[in-house]
Amino acid sequence: MPKEQPPRPEPLDPPMVPFALAGMVAWALAGLVLLVFRGWLTEHGHQDWLWICLAGFLWGFPGLAVMMRHDANRRRRRAGR
């Protein structure tokens, strides 16, 4: 006799905007910390690390726009249930 399986839980669908903001904050903080060590970075040939932090922060804006759209669609989906 086959056992009756318990119902499958709903997949997680958390709001994504906080994750995008957290990533942008992390890149900004890393860049600010590295600014303190700007002289050391230049001496050791790692000045591009600051540019990498800036790029990570700036790429966060398109990511934030995508996540805002995702969350709006998520709210619409849940309202239609």
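The values are calculated or read from the model by the stated rules, or taken from the named source; none is laboratory data. Since the structure is predicted, the reported quantities are computational estimates derived from the model, not experimental observations. SASA here: full protein model, heavy atoms, side chains in, ligands and nucleic acids out. Shrake-Rupley method; radii C 1.70, N 1.55, O 1.52, S 1.80 Å.
Stick to Cα atoms and the Kirkwood definition of Rh, then tell me Rg/Rh for segment 14-81.
Values: Rg = 16.7 Å, Rh = 13.5 Å.
We get a ratio of 1.24 for segment 14-81.
Quantify, in whole percent, the carbon and sulfur part of the accessible surface of the chain (1.4 Å probe; protein heavy atoms only). Mind dumping the intermediate values first?
Numbers: 4810 of 7020 Å².
Carbon-and-sulfur percentage of accessible area, whole number: 68.
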